[in-house]
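The values are calculated or read from the model by the stated rules, or taken from the named source; none is laboratory data. In this text the structure is predicted, and so the values were computed from the model without any measurement. Cβ atoms come from the backbone with ideal geometry, glycine included; neighbour counts cover every protein chain shown.
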Ligand SMILES: Nc1ncnc2c1ncn2[C@@H]1O[C@H](COP(=O)(O)OP(=O)(O)OP(=O)(O)O)[C@@H](O)[C@H]1O
Ligand code: SF4
Ligand SMILES: [Mg+2]
């Protein structure tokens, strides 16, 4: 067990390193001179050169990277010249909002996906199953921003019951969470259904039925517990998916979170912020996967740890 | 595969019988794998639209129509003249949707090809040669899978400057990881088979074995995955264009059309519905096709 | 019969067992552990042993289909283990293998004709017309209709597929063929047909066989000499008649006693093997057979018996004979 955890930890660190290198290279390859961006178009070249030197931008690439990582390790994510704020502060203002939204979206995914999956398994190959499968296909195929717009128009505006956008309290979270949840739930639904179908076909479930355990109990006690496992594993990978959705959802609903910040900073070529948001997202994904792997191996004794 | 079942009987002089039989088999296939048929039809229609967009469209997608706006300067709703209405600049939405299909397919397909190429190369090397090469490639693959995909693609496109080419390059460059994994696992299972050992004992070189014995067995999962990936890529392209990093106005893409229509959802909802529904149907088509092909061609995945 | 074609000395193949954070090697499966023997030109050497005792690994290490851990394999005066990849590929024309599983050993995607032409293509032998003619001749020689070239492997039965596998091995005119349990997967009636075919082909083309089987009765008639393996090591090697009439190693004796005797007059006491086959990852100390041997002595646990020739042409590794 310990060796397994250590191996996964080393793997996680390596992944984060790789991501930091790639973001660094992308930022480096981007058009425009950051020094020029800071001092403005009219400043004389000598000022630009001085700023470049101050920022260490005149040093060789590997040295720049090492300095960058050094700063990262000290918790210094850089300075956003566009917003005139340290990046950590910018992120701090918005992190809470995004976490709320992602959690909201995840909860909707589970609330919709798991029961629909169970339903599909119970009515396997019957008309209800086909209808559900089609709905899940529509969900998977539905672009986040199209569905978000539809909700804004028909629910927020049409019914006039919920805010059109922005942040502040539960009411602002409902539509964005539904947007994320509906477009993401299909994965859980499919996973839940297929693993339930598989589990229900297994001998011990049949035996339980044959011994007269009532069907509801068979489902809640045996099939569901085993069917939930894959759903748990998926949660780790889902964070990456969810984060992509968050960028779009926040843009559509004008929701002040990390996703919106990322989008704005890319639009403004504000690279310290871009790199920080990408790294932050990656940290979430990697940590979530790590936790899920460990949890999974604890729940399911069949997984050998070596 | 199943084409054995689709083959007509060989008895001579039974022409009409064979024909009815063939019809019957086709019907059976449609009934058994409706997703392949429906998805395939949607994809086919989309390809035709994309190829013949200039012929089908009555108007120039880029040019504002002289009567494209109402007296008040508002977009015209769908009418006999403009089937899907006009947009805020008085351009024909239907023509723009048709040309948008072109961009979507182009990006979806070429990004898919790039992913396929990178993924196949790495997956084959990783699976066939094993050892430390495998370990390094698989760690990189894990890493790419952990990327916040959309953000990376957006950042790369922004860095390269937005254009159709850069969009599919960026999507392709980050989208190969899943492909590499699928191909690797396929190669791993094929490589231990005795006929691969036989080829080795006959003196075939490693790359000869890869091309002749291993790769043909990888084709099926690749086709399935490619269909699903194209659907994904189409959605991504739309998202990028929606965010302003994809196809640049005035060129039409479903994503930037939705973006442009966003401020007018009360006044002119067709500006969002026309490209939005096209996008939805296209993605459904590719997903149906991919899922259906999996049911049909890949017996390992139960139905 | 005394010209040597193949000499195997001190052949070892250890598969590492890895564990831990750095996938450190914590032990080895000693699939083949210090095996020595020679094969004469034109003869059939049978190799017999229980499942998992390392027969296939021996065969495949000799051909370098898997890289041996150490040891030398002299084939036609060339040391195969030291050969470069390209000269090895060239030399592969002279040594071929027929596999156990007739279903897995033919690529289902190609027609039989293509499967059989491929080896000649790889080595750039013959013109295309000559190749397809040769394919037909070989198919016919192996008891199949030449039209088989236009069919796919799945259209054939197991026995027919094995004939195709044999034909493929013959396409390059080899001198040595390793037969890795070529009949184990077949019905008994088909088994003897294939064995007869192999014997005919040997006569006709002057082939040398290394015939692997897990059952003594299968190799009895076809083999000139027979080697018995146990847990990756050689137990006994002798001419067939000698081995059957005068088995020295207690393991060979046990195997022989398990063969049903056709003549009811001859009464033979069945020697039952005690216990289970030990794991090759953790073989017993001393003589690997001592955990199951009816004659085991104290020395057997402590010391490994040496492989030696106790009579002309009769080798055995057992403390009873030292
Ligand atoms: N690639 C491998 N990695 C690890 N262990 C292996 C590998 N190949 C074979 N072994 C082990 O080596 C031992 C010998 O295997 P081998 O296939 O040579 O046996 P065999 O005598 O041919 O058996 P069978 O009659 O079943 O074919 C077995 O314990 C097997 O588990
Ligand atoms: S050495 Fe000892 S244990 Fe081994 S076979 Fe001979 S008598 Fe038996
Ligand atoms: Mg074997």
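What to note about this one:
- Residues of segment C:46-67 satisfying the condition of being away from ligand 3 (no atom under 16 Å from the Cβ) and either at pLDDT 95 or above or buried (at least 18 other Cβ atoms within 10 Å of the Cβ) (or both): C:64
- Subset tally (residues that are more than 18 Å from residue A:140 (Cα to Cα), touching a helix residue (DSSP H, G or I) at 6+ places or on another chain (Cβ under 6 Å) and assigned to a helix (DSSP H, G or I)) for segment B:265-285: 3
- Of the residues B:222, B:187, the single one that is out of contact with any helix residue (DSSP H, G or I) (no Cβ under 6 Å at 6 or more places or on another chain) and away from chain C (no Cβ under 14 Å) is B:222.
- Residues that are in a helix (DSSP H, G or I) and either within 13 Å of chain A (Cβ to nearest Cβ) or within 24 Å of the chain's Cα centre (by Cα) (or both) are absent from segment B:196-206.
- Residues being under 20 Å from residue A:268 (Cβ atoms) and without any contact (Cβ under 8 Å) to a residue 12 or more places away in the chain - total across segment B:206-261: 1
- Residues in segment B:146-170 that are touching a residue at least 40 places away in the same chain (Cβ under 8 Å) and away from chain A (no Cβ under 12 Å) were compared, and the one that is surrounded by the fewest Cβ atoms within 10 Å (Cβ to Cβ) is B:163.
- Some residue of segment C:34-43 being within 12 Å of chain B (Cβ to nearest Cβ) and within 20 Å of residue C:212 (Cβ to Cβ): no
- Checking A:61, A:16, A:55 one by one, the residue that is more than 14 Å from chain B (Cβ to nearest Cβ), closer than 21 Å to residue B:152 by Cα and either touching a residue at least 12 places away in the same chain (Cβ under 8 Å) or in contact with a strand residue (DSSP E or B) (Cβ under 8 Å, 6 or more places away or on another chain) (or both) is A:61 and no other.
- Enumeration of residues in segment A:128-148 that are farther than 23 Å from residue B:228 by Cβ and at pLDDT below 85: A:128
- Count of residues meeting criterion [touching a residue at least 12 places away in the same chain (Cβ under 8 Å) and either more than 28 Å from residue C:321 (Cα to Cα) or more than 16 Å from ligand 2 (Cβ to nearest atom) (or both)] in segment C:205-247: 26
- Filter pass, residue B:288 being over 18 Å from the mean Cα position of the chain (by Cα) and either part of a helix (DSSP H, G or I) or over 23 Å from residue B:170 (Cα atoms) (or both): no
- The residues on offer are B:285, B:276, B:290, B:244, and the sole one that is within 11 Å of chain A (Cβ to nearest Cβ) and surrounded by fewer than 22 Cβ atoms within 10 Å (Cβ to Cβ) is B:244.
- Evaluated against (1) within 22 Å of residue B:39 (Cβ to Cβ); (2) surrounded by 23 or more Cβ atoms within 10 Å (Cβ to Cβ), residue B:222 falls short on exactly one condition, (2).
- Test result for residue C:85, modelled with pLDDT of 90 or more and out of contact with any helix residue (DSSP H, G or I) (no Cβ under 6 Å at 6 or more places or on another chain): no
- Residue A:80 surrounded by 14 or more Cβ atoms within 10 Å (Cβ to Cβ), under 26 Å from the mean Cα position of the chain (by Cα) and within 14 Å of another protein chain (Cβ to nearest Cβ): no
- The residues of segment C:44-89 that are away from ligand 1 (no atom under 16 Å from the Cβ), in a loop (DSSP other than H, G, I, E, B) and without any contact (Cβ under 8 Å) to a residue 40 or more places away in the chain, listed by number, are C:77, C:83, C:84.
- Residues considered: C:59, C:54, C:49, C:71. Of these, the only one that is touching a strand residue (DSSP E or B) at 6+ places or on another chain (Cβ under 6 Å), within 14 Å of another protein chain (Cβ to nearest Cβ) and under 30 Å from residue C:29 (Cβ atoms) is C:59.
- Only strands (runs of 3 or more DSSP E) whose full extent lies in segment C:129-244 are considered here, and the ones with at least 1 residues that are within 14 Å of chain B (Cβ to nearest Cβ) and within 16 Å of ligand 3 (Cβ to nearest atom) are C:176-180, C:208-213.
- Within this structure, residue C:72 fails the test of being more than 16 Å from ligand 3 (Cβ to nearest atom), surrounded by fewer than 16 Cβ atoms within 10 Å (Cβ to Cβ), more than 19 Å from the chain's Cα centre (by Cα) and more than 30 Å from residue B:136 (Cβ to Cβ).
- Only one entry of C:201, C:172, C:197, C:139 meets the criterion of being surrounded by 16 or more Cβ atoms within 10 Å (Cβ to Cβ) and more than 29 Å from residue C:58 (Cβ to Cβ), and that entry is C:139.
- Checking residue C:104 against (1) within 17 Å of residue B:209 (Cα to Cα); (2) more than 16 Å from ligand 3 (Cβ to nearest atom); (3) at the interface with another protein chain (Cβ under 9 Å from one of its Cβ atoms), the condition it does not meet: (2)
- Within segment C:278-322, the set of residues being closer than 20 Å to residue C:226 by Cβ and within 16 Å of ligand 1 (Cβ to nearest atom) comprises C:288, C:289.
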